[in-house]
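Worksheet: the structure to be examined is printed underneath.
The values are calculated or read from the model by the stated rules, or taken from the named source; none is laboratory data. For clarity, every value in this text was computed on a predicted model and none was experimentally measured. Cβ atoms come from the backbone with ideal geometry, glycine included; neighbour counts cover every protein chain shown.
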Amino acid sequence: MKLKKTVAMLIAAVTVTTALAGCTASGQQSGSSDTAAGQESTGDTTTAGNTTAAVQKKDVTLNFAIPLAEEEWHVFRDQIFKPFEEQTGIKINGIQMENKDMESKLEALKQAGKHEIDLFAPSTVYLPGIVDKDLAEDLSGSISIPEQIPKNLYSEFQFDGKTQFVPLRPNVQTNYYYTDRFEQYGLEAPKNWNELLNVAKTLYEAEGVGRVAIQANSGSALTITTIEFIRSAGGDPLVLNDEGSVAAFTFLQELWPYLSPESKRADFNVINELLATEVIYYGANWPYCSTVVVKESGKDQVASYVGFEGPKGISKVTTTTVMGIVNGTPHREEAIQFLEYLMSEEVQSILFTELGWAPARNDAIGEIEEWQRPFIEDVQEALQYAQSRPIVPYWSDVDKAINDAFKDIVIDGKEDVQGILDGYHEQIEAAKAAKGE
Amino acid sequence: MKQKKFLKKYGFNIVLILPLVIFILGFTIAPILQTIQISFKDSATSAWTLNNYKSVIDRGIFGEAVFNTLAITAIGLVLQMVMGYLIASMLRKTFIGKGLARMLVLLPMGIPTMVSGVAMLYVFSTSGYLNEILYRLNIASIPIDWTATKLRSLIVIAFADSWKVMPMVVMLFLAGLEAISKEIYEAADVDGARTWAKFYYITLPQLKDTVTMTVLTRVVDLLRIFELPKVLVGQSTPFLATIAYEEYSYNNMGNSAVASTLLLGIILIVVTLYLILFEREKKVKH
């Protein structure tokens, strides 16, 4: 009996100890995961570069926080960080950090008085919070942005006249379609809303199901789709009940019955799948769609073009990844040097050829395969019409309003378009007032 | 003195259950309480406020989300209880291939919910297997949009969820049915009872505990359904759990906590009502 009790006590003690150890370990892990990622990155470069120590001119390590996929990290570490380290002796420590976490982590470091991150690369959507909390250095007059980077890719990221961010990677959607199917039904790639409606109707009536899709899955996919329609009608997504917005939603309501039912769940991944499997014959998507549909799925008959215009012209939304320097970093000069390196033709070409990223520079299209050329040229052309999503502190409320309005008007088909949009306009105004705007 | 006696008598028991209590308090109760607290706080100023609740309830889709959440629970529960019982009844009989049948019924258990959602897309999308079969059988010449209306969407989601959880429901019913003594049915046969009478007067009362267990677990799971609607229907059919996630993705922690708290409240109300009714019936009978 005593032995049983002793064994039971031991088991209980081990359980408690393990639980406590687990809590402590996870705390350490989350704190060091960034470091671990950085160490992994640094480890690679120092292992491969025994020469790094030989040419080390500066004893500086820059910690660079950026959200990347695993394949992208390989390219950054091997082809971008390593050459810079060999050229300058400045070590680059790559840290995986999601966009959503950047503001809170940088704020926490600032409050703790720590400088564990020197540079960061957020999506432009997250800039208002970062600027509001003064987390980024003012680079006005300190950094040289190459002329080859179109101004419209970075002019919107000036706050209070200060340049705090420079572009790394712009991204814009183009429109893809099956040339053979269009030919079969005597159609051409639509150039305006009327032609788009005609294409959707013709395909619907011929095949009994919609073959044109838009990205209408709730979230950023739907928001981008809707903003493009609103702006191409001369509307303002931050107002949402102006003439252009009403026109856009009214048109979408008219178009919806002729669209593919898969539009409800369509985002960029789904559009790839739908185009690759010929469930749809027309849809808009990001540049890597050409790789998935044409190269990997062998759909040579798919072509792309810039897209259709609304009553007031073509509108494209760009999601740009920008770069900034953390306010108060002790390595400001080295950080600026690294940012300028990332904007160089050499790096932008690598990002384009290795990762398919649309380059910020218009001279950075390196060696590309022949099949890719027309798609990349369309992306370059589309960037001319590109404008980022509005960058305001109450953006999440605007995003929600756009999504909810789309559901009410387009999906549910409610008739009082102006009345519904007036209601959402009030919500946006309330959110704006709450943020002191 | 009394305390010493108490500790001497129960001290060892307390030590044994202490890890579990700490785990439940630390990893279940504490996060729940914190979520409720966040729902009442302004994310910018940390001041106590009801604005988060107002913001969520004022959203046009809130009412629809609550309705959809309750509707999917009702539809899914009926489907799962009926199908689960029927399959368990069949598996209780002896027939050739019973082992294989049991294995096939249990198969969905090993599949993650997200994967099962994608698998259902292969069935219910406009280019899916179901439309293909109907086309080849000349039943439908045009692909059917299985999620065209709210009701259809709810049924598709309920079907997908039922497919996923059927193994568990079947096992619970099978265990309950196996526990019923065959002699009771033999006695009923001697008395000339018909099938329906045997089901109503013998099987159902004997399965009451099993039914309670199954209903409670399924109701909680159905009320917090999330992955399947996201994969199958996107935002066209909102649920409370999807609203909680949406608000979280907008970085509105307060609003996300509100949706989660309201969902918790609904779960507690439904479960409490069921237990009160069931307990009341049991007490009355005793």
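Quick notes on this structure:
- Verdict on A:VAL125 being of a type in the set (Val, Ile, Thr) and either surrounded by fewer than 19 Cβ atoms within 10 Å (Cβ to Cβ) or in a loop (DSSP other than H, G, I, E, B) (or both): no
- Extreme residue, modelled with the lowest pLDDT, among residues of the range A:427-437 that are assigned to a helix (DSSP H, G or I) and surrounded by 13 or more Cβ atoms within 10 Å (Cβ to Cβ): A:ALA434
- The condition (being aliphatic (A, V, I, L, M) and either within 9 Å of another protein chain (Cβ to nearest Cβ) or more than 20 Å from B:ILE75 (Cα to Cα) (or both)) is satisfied by just one residue among B:ILE157, B:ILE133: B:ILE133.
- A:ASN272 being away from chain B (no Cβ under 14 Å), farther than 21 Å from A:SER396 by Cβ and crowded, with 21+ Cβ neighbours inside 10 Å: yes
- Evaluation of B:VAL215 against the conditions (1) at pLDDT 90 or above; (2) part of a loop (DSSP other than H, G, I, E, B); (3) crowded, with 16+ Cβ neighbours inside 10 Å shows that the sole unmet condition is (2).
- Residue in the range A:226-248 that is surrounded by fewer than 20 Cβ atoms within 10 Å (Cβ to Cβ) and modelled with pLDDT under 95 present: no
- Scan of the range A:249-269 for residues that are more than 12 Å from chain B (Cβ to nearest Cβ) and buried (at least 24 other Cβ atoms within 10 Å of the Cβ), ordered by number: A:PHE249
- Residue in the range A:348-360 that is in contact (Cβ under 8 Å) with a residue 60 or more places away in the chain, more than 17 Å from A:GLY141 (Cα to Cα), more than 20 Å from the chain's Cα centre (by Cα) and surrounded by fewer than 22 Cβ atoms within 10 Å (Cβ to Cβ) present: no
- The set of residues in the range A:392-401 that are under 14 Å from B:GLU247 (Cα atoms) and among the hydrophobic types (A, V, I, L, M, F, W, C) comprises A:TRP395, A:VAL398, A:ALA401.
- Identity of the residue in the range A:242-275, outside any helix (DSSP H, G or I) and not polar (S, T, N, Q), that ends up nearest to A:PHE308 (Cα to Cα): A:LEU259
- Flag for B:SER260 being away from every other protein chain (no Cβ under 14 Å), touching a helix residue (DSSP H, G or I) at 6+ places or on another chain (Cβ under 7 Å) and either under 30 Å from B:ARG59 (Cβ atoms) or modelled with pLDDT of 90 or more (or both): yes
- Residue in the range B:69-83 that is within 14 Å of chain A (Cβ to nearest Cβ), buried (at least 18 other Cβ atoms within 10 Å of the Cβ) and outside any loop (DSSP other than H, G, I, E, B) present: no
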